[in-house]
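Shown next, in structure tokens, is the structure this report addresses.
The values are calculated or read from the model by the stated rules, or taken from the named source; none is laboratory data. On a predicted model such as this, the values are computed, not experimentally measured, just so you know. Neighbour counts run over all protein chains shown; Cβ positions are idealised from the backbone, glycine included. Accessible surface is based on the protein model in full, side chains and every heavy atom, while ligands, DNA and RNA are left aside. Shrake-Rupley method; radii C 1.70, N 1.55, O 1.52, S 1.80 Å.
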Amino acid sequence: MTSPSTQVYPVIWNEDRVLLIDQTKLPTEYRVVGISRSDDMARAIKTMIVRGAPAIGVAAAYGMYLGAREIQTEDRDVFLNQLEKVAQLLRQTRPTAVNLFWAIGRMLNTAYENLGSVEQLKESLLTTAQAIQIEDLQTCQAIGDQGLSVLPTTPENLCILTYCNAGALATAGYGTALGVVRSAWREKRLARVYASETRPRMQGAKLTAWECVQEEIPVTLITDNMAAHCMKQGMIDAVIVGADRITANGDAANKIGTYSLALVAKAHDIPFFVAAPMSTIDFKLATGQGIPIEERHPSEIYQVGETVVCPPGVEFYNPAFDVTPADLITAIITERGAVAPSELQQLQLKTSNWG
Ligand code: MRU
């Protein structure tokens with residue numbers, strides 16, 4: 001296994017192609033895959049080589065550029081027509097994380113607004129993809145610092161429970177929920193991270209725990225059904241999770257199991273925070289009821305590795321996300337500030353939210 005550099009960047013633009021850390025191989029193998037075509041990028045998103053809402057957005061933006069590069073025409077209208085098809089291919093990869101649609105929308109907007117030659121349009125698309133990536137990194141650092149203002153002040157060193165992976169791997173770098181954890185660690189306000197393993201894809205065990213180990217942040221791995229017990233034992237001071245889509249009223253879709261964690265946190269009077277960039281907020285949807293929930297293949301449930309773990313004849317239900325109602329969320333932490341879900345609208349930009 002080749003060691004990563006101290007900073008983890010899951011998506012990198014390298015000369016003429018995109019390099020992705022293959023997140024399906026961690027933690028046993030650190031493998032980087034090169035992506036040169038838009039259809040390969042769509043496949044990488046669908047198969048979760050790259051995953052996590054902001055990282056999916058960055059990857060899709062580069063996918064749009066790769067697709068633009070493949071279009072052989074000098075005619076602007078023909079180009080835009082073909083680019084819409086690339087956008088459609090990428091939109092079909094995963095339905096829940098709104099950052100995907102946000103990034104594709106911003107890329108399309110770049111193309112429509114540029115009145116230059118097709119060559120100039122292509123260049124502007126690469127510039128926008130790079131801007132989306134850089135902005136996301138800065139955004140995550142800002143989220144990390146905003147989070148410090150709402151974390152409990154006692155005890156001095158907190159034990160924070162997190163779920164799935166909302167770290168550097170799930171963003172352009174640094175992370176959202178894990179960004180807050182990183183900032184707390186830097187400020188010496190963190191004692192330990194509890195990473196819940198996150199069945200069925202195990203992002204907590206495979207990715208969050210891996211990231212913490214890279215940064216020497218103390219981390220304890222628990223199985224998902226241990227969270228209530230740990231809270232009851234007084235082991236958890238706060239819960240921080242990421243989000244795939246937050247609606248105007250503050251409902252938040254995140255990895256399946258997040259909703260149960262929020263209920264259990266409420267029962268134990270433990271603050272429950274959602275950390276996410278503004279690009280994860282879908283102000284067009286009034287409530288979480290409108291969020292499309294991805295259903296994934298049953299093999300994620302009936303198999304652990306290569307081993308089948310249930311008898312034939314069983315039926316399966318495998319939603320990848322659930323929606324935590326706003327009233328279970330203490331605050332939503334964004335790059336613009338940490339607010340109660342009911343105050344989310346105040347953070348909304350005057351400029352449009354793409355997608
Ligand atoms: O199915 P995944 O691994 O893409 O799900 C990821 C999550 O649910 C994350 O918590 C979410 O995208 C926030 S990432 C900063």
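Tabulated data
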quantity: Selection from the stretch 245-284 of residues that are in a loop (DSSP other than H, G, I, E, B) and either within 13 Å of the ligand (Cβ to nearest atom) or among the hydroxyl-bearing types (Ser, Thr, Tyr) (or both); calculated: 256, 257, 276, 277
quantity: Sole exception among (1) touching a Lys or Arg at 6+ places or on another chain (Cβ under 7 Å); (2) closer than 22 Å to residue 93 by Cα for residue 268, by number; calculated: (2)
quantity: Test for residue 288: is it away from the ligand (no atom under 13 Å from the Cβ), open to solvent by less than 40 Å² (accessible area, probe 1.4 Å) and closer than 30 Å to residue 347 by Cα; calculated: yes
quantity: Members of the stretch 291-316 found to be assigned to a loop (DSSP other than H, G, I, E, B) and away from the ligand (no atom under 16 Å from the Cβ), listed by number; calculated: 305, 306, 309, 310, 311, 312, 313, 314, 315, 316
quantity: Residue that is surrounded by the fewest Cβ atoms within 10 Å (Cβ to Cβ) [pool: residues in the stretch 62-92 that are within 16 Å of the ligand (Cβ to nearest atom) and part of a helix (DSSP H, G or I)]; calculated: 91
quantity: Residue 95, sole failed condition from (1) within 16 Å of the ligand (Cβ to nearest atom); (2) open to solvent by 10 Å² or more (accessible area, probe 1.4 Å); (3) of a type outside the set (Gly, Ala, Ser); (4) touching a helix residue (DSSP H, G or I) at 6+ places or on another chain (Cβ under 8 Å); calculated: (4)
quantity: Candidates 106, 199, 182 - the one that is at pLDDT 95 or above, over 22 Å from residue 338 (Cα atoms) and within 16 Å of the ligand (Cβ to nearest atom); calculated: 199
